[in-house]
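These notes are about the structure you will find just below.
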Amino acid sequence: MYGRASPLLFGNLMKKTVQGNFHQIKAPLLFLLPNILIFVIFIIIPAIQGLRMSLTEWGVFTEPTFIGLANFKELFQDKVFWRTFSNTLVFSFFTVALMMLYSLLLALLLNKNALRGEKIFRSLFYIPSLLSMITVGIAWRFILGDEMGIVNYVLRSFGGEGIHWLTNGNLAMASVILVSVWAGAGYYMVILIGGLQAIPLELYEAATIDGASPARTFRSITLPLLKSTLLVVLVLATISSFKAYELIFVMTKGGPGYATKLIVQQVYQVAFMEDRMGYASAMSILLMILIGLVTIVQFRISGKDQDYE
Amino acid sequence: MKKIAVFLTILLLATSTLFAAGTKEEGTKETTLSVMWFNDANESDVFMKTIDDYLKANPHVKVDLQVVAYSEYDQKLKMMISGGNPPDVARISTNTLSVVVDSLEPIDGYVDDIEKVKQEFLPSMVAFAMNKDNKLVAYPTEATANGMIVNKTAFDNAGIDLDAVSKTWTWSEWEKIVSNVIAANPKMKYGLAVDFTPHRFSTIMYQFNGHFLNADQSAMEFNNPGTINTLNWFKHVHDSGLVPKSVWLGSENPAELFQAGLVAGHIGGSWNINTYNKNVKDFEWKVVNMPKAAINSSVPGGKFVASFKGSANKVEAQKLMAAFSDNAHNEAYCLDTFNLSSRADATIDYPSNSKDFDVFLSELKVTPAFTANEWKNTNLSKVTTYIKEQIVEVLLGNVTPEQAVANVDAKGNTYFK
């Protein structure tokens, strides 16, 4: 029967629909609103402003002048920028790869009460990620310094030669990568422990009953079920590595020469030392596009057969 | 009529009282001056100590002191100025002065006789503090000079009469002498540490007759025989192990190397006297004349206090600066911070190191005048970091000195268009 609905029935239906609409759409939106506002104010609007600035010639004390795409044209011929670009890729690739391996190893070791004093170890490995990167940089410069560094002092005390940790270009890059991994791994370890603890224990029990080796258990159970957490770690570590600045600046000032100079330091230098805000904005826009592209690729590759149960 | 007269008298008295009260309120209005400072050693503490009597005599004035690390100082100051929120008073170095000079409030509107004020300070310092309209925009506080501080004990151990040899030595003579010093002191590894800054590099460059800019300062001219010779020499002393690579290639602090007794000498500045007085206990040190290349030269510099066009408390800021810069306060400040005074009439009896200050002053006297003008140039300040990078590229052997100077000129000249 498709008769005309009574006003009472229609009223109740509307009420339910509106309530449902509120609970399902509006309420979550209201809860998200503060975050959305913060995101818009501090990310979206500055990004749009940055894009606008990148089309101008602008010093701190002068009015911006619109110059179209001239900054981007200059950027493509700027050898120093491309050197910092390739340094950034090298730094990010090795930092993220080592960071993931090291933090996963730590998480696996400190997840199942396999070690005595596990909580103490977790804290010890986590502490570096709480420190300011400037503090970490100063401490490691004191450890790795050519003449005044502790490591070289010990080596020389035993009759050895000092190692040029920070004055040889390749070693300097390796040093800042290893220190970055040391400083950041604790944070990702905590995320991965969270992921490991979410894996049902029954699966491991079943694997043990079936006689699966630890390696097979890791390959067939842990890794697939940790994939979504690993993806989060991958994306966070990548974004963080692209934005690295303080630690490297304190340890090497980007040197020797340009050996450890990354894009962010070049942006800072161009903006504040050379007083070219527009050109620095163009660099930032390119960095933003790079991070966006890398993140999309990571999601595409890692998330292809993702199981978001 | 009588009533009207009485009424007018009362009205006059009442309004006079009101105006008088208003004036009093204006003069004693509670003011908090935001003051930004950086430290070479203990300058911010000494500044507060120095102005203590002024603040007691002017209880309506308070100082909100913000101490910022020198490495972040320029950036922070620029952002505050461009954001329309500059401090009321700031300590400013010569380098920073060239960048912010157009934002500084001229002093002439706040003093009775600006010419008299100018005459109170060293002419070279006044020259730094003039804006393009030829107005004084900052009070000079300390004069600085680059120079060489050496480990006297190490020279004594090598049987070298430091006072005698340093009177007329050249850089080639210095190489031989300092090699003997290293040989005679087992702990000592190097002859000289040079601060990792283009400013300190330029000390040697000027001695080799080099320069950054052309004569009328309208373009870069880093590509000149003097500068190329300096770069070749600088690479040579690094490669031969007389100068530690860890400073220019690894950002190690040369003052720490000197204090540890690892280097025989340090090309730094007059401000290092304060630091070494406090920290060096294991050996005797002193300031000596730098070796000669083509000429003798130092690099003049200084520190200043200034207020800004955008300051909300210009009058009180200017009063505070004037008081801080008068003879008594300036002498007290320079005495406690172990700095050379910028005042022409200063007679400071330092408890020690008077002879060291005399050496710095004697080096300043033979320094060519154009050196100050170069370091006052706003466009040069934009390219100094790139110059530093190119010098390191030369030291690494990645570019030749000729390529480096050409690169610097090409980039630097984009700022002179």
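The values are calculated or read from the model by the stated rules, or taken from the named source; none is laboratory data. As the structure is a computational prediction, the values presented were derived from the model and not from experiment. Positions of Cβ are backbone-derived with ideal geometry, glycine not excepted, and every protein chain shown enters the neighbour counts. Surface areas here come from the heavy atoms of the whole protein model, side chains and all, with no ligands, DNA or RNA. Shrake-Rupley method; radii C 1.70, N 1.55, O 1.52, S 1.80 Å.
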Backbone HN-Hα couplings from phi across the stretch A:255-271 [Karplus 6.51/-1.76/1.60, Hz, Gly and Pro as x]: x, x, x, 10, 4, 10, 7, 9, 4, 4, 5, 5, 4, 4, 4, 5, 6
Give me the 1.4 Å probe accessible area per residue for chain A, excluding ligands and nucleic acids, in Å². 59 Å²
Kirkwood hydrodynamic radius, the protein assembly as shown, all distinct C-alpha pairs: what's the number in Å? 30.1 Å
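About the Cα centre of the stretch B:50-122, how large is the charge dipole given +1 on each Lys and Arg Cβ and -1 on each Asp and Glu Cβ? Please answer in debye to the nearest 20. Each step should come with its number before you reach the end.
Details: 7 positive and 13 negative charges, 57 e Å.
The calculated dipole for the stretch B:50-122 is roughly 280 debye.
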How many angstrom separate the Cα center of the stretch A:176-232 from the Cα center of the stretch B:334-370? 66 Å
Does anyone have the angle between helix B:70-82 and the longest principal axis of chain B? Alpha-carbon axes, 0 to 90°, nearest 10? 40 degrees
Zone reached by a paramagnetic label modelled 7 Å from B:K49 Cα along Cα→Cβ, restricted to the stretch B:321-344 with backbone N below 12 Å, covers B:332-338
For chain B, just the Cα set please: Rg and Dmax, both in angstrom. 25.1, 106
If the elastic network links every pair of Cα atoms under 10 Å, which of A:P214, A:P64, A:P28 fluctuates the most in the Gaussian network model of chain A? A:P28
Choice from B:T28, B:T400, B:T94 with maximal GNM fluctuation in chain B (Cα, 10 Å cutoff): B:T28
Model label zone, B:V67; criterion: amide N under 13 Å from point 7 Å along Cα-to-beta-carbon; scope the stretch B:243-267: none
Farthest towards the positive end of the dipole of the stretch A:19-82, among A:F81, A:I41, A:G59 and with Cβ unit charges of +1 on Lys and Arg and -1 on Asp and Glu, lies the Cα of A:I41
Reachable aspartates and glutamates from B:K116, criterion Cα separation under 16 angstrom, eight or more residues apart if same chain: B:D108, B:D326, B:D345
Summed buried accessible surface, chains A and B, 1.4 Å probe, nearest 100 Å²: 2500 Å²
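Which of the residue pairs A:K253/B:K49; B:K303/B:K365; A:K79/A:K227; B:K167/B:K411 have a Cα-Cα distance greater than 28 Å in the structure shown?
Values: A:K253/B:K49 35 Å; B:K303/B:K365 18 Å; A:K79/A:K227 39 Å; B:K167/B:K411 39 Å.
Distance filter (> 28 Å) returns A:K253/B:K49; A:K79/A:K227; B:K167/B:K411.
Kindly work out what percent of the DSSP beta bridges joining two residues of chain B are antiparallel, to the nearest 5. Intermediate results must be reported in sequence, preceding the final value.
On the way: 25 of 38 bridges.
Bridges in chain B that DSSP calls antiparallel: roughly 65 percent.
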Length gain on complete extension for the stretch B:N373 to B:A164, per 0.36 nm per residue less the alpha carbon to alpha carbon distance? 71.9 nm
Surrounding charge for B:K167, neighbours by C-beta under 13 angstrom, Lys/Arg +1, Asp/Glu -1, total -3
Enter the Cα centre distance for the pair the stretch A:40-107 and the stretch B:107-154, rounded to the nearest angstrom. 40 Å
Any idea what the dipole of chain B comes to, in debye rounded to 20, about its Cα centre with Lys/Arg Cβ at +1 and Asp/Glu Cβ at -1? 600 debye
Run down the aspartates and glutamates and flag those whose C-alpha is under 14 Å from the C-alpha of A:K73, throwing out any fewer than 8 positions away in its chain. A:E57
Per the 1/(1 + (r/R0)^6) rule, R0 = 60 Å and r from the Cβ atoms of A:A198 and B:D239, FRET efficiency to 0.05 is 0.55
Cβ under 14 Å from B:A127's Cβ, B:A127 left aside: what net charge do those residues give with Lys, Arg +1 and Asp, Glu -1? +3
Treating cross-link reach as a plain straight distance, find the lysines whose alpha-carbon is under 16 Å from the alpha-carbon of B:K56, omitting any fewer than eight places away in the same chain. B:K29, B:K319
Counting sequence-distant residues (5 or more places) and residues on other chains, those with an amide H built under 5 Å from that of B:L340 are B:A143
Using alpha-carbon coordinates, inclination of helix B:378-396 to the longest axis of chain B, degrees: 20 degrees
Which cross-chain or sequence-distant (5 or more) residues have an amide H under 5 Å from the amide H of B:V63, H modelled 1.01 Å from N in plane? B:L33
How big is the charge dipole of the protein assembly as shown about its Cα centre, in debye rounded to the nearest 20, if each Lys and Arg gets +1 on its Cβ and each Asp and Glu gets -1 on its Cβ? 2500 debye
Given a Förster distance of 22 Å, the FRET efficiency implied by the Cβ-Cβ spacing of A:H23 and A:F299, rounded to the nearest 0.05, works out to 0.15
Choice from A:A212, A:A70, A:A139 with maximal GNM fluctuation in chain A (Cα, 10 Å cutoff): A:A212
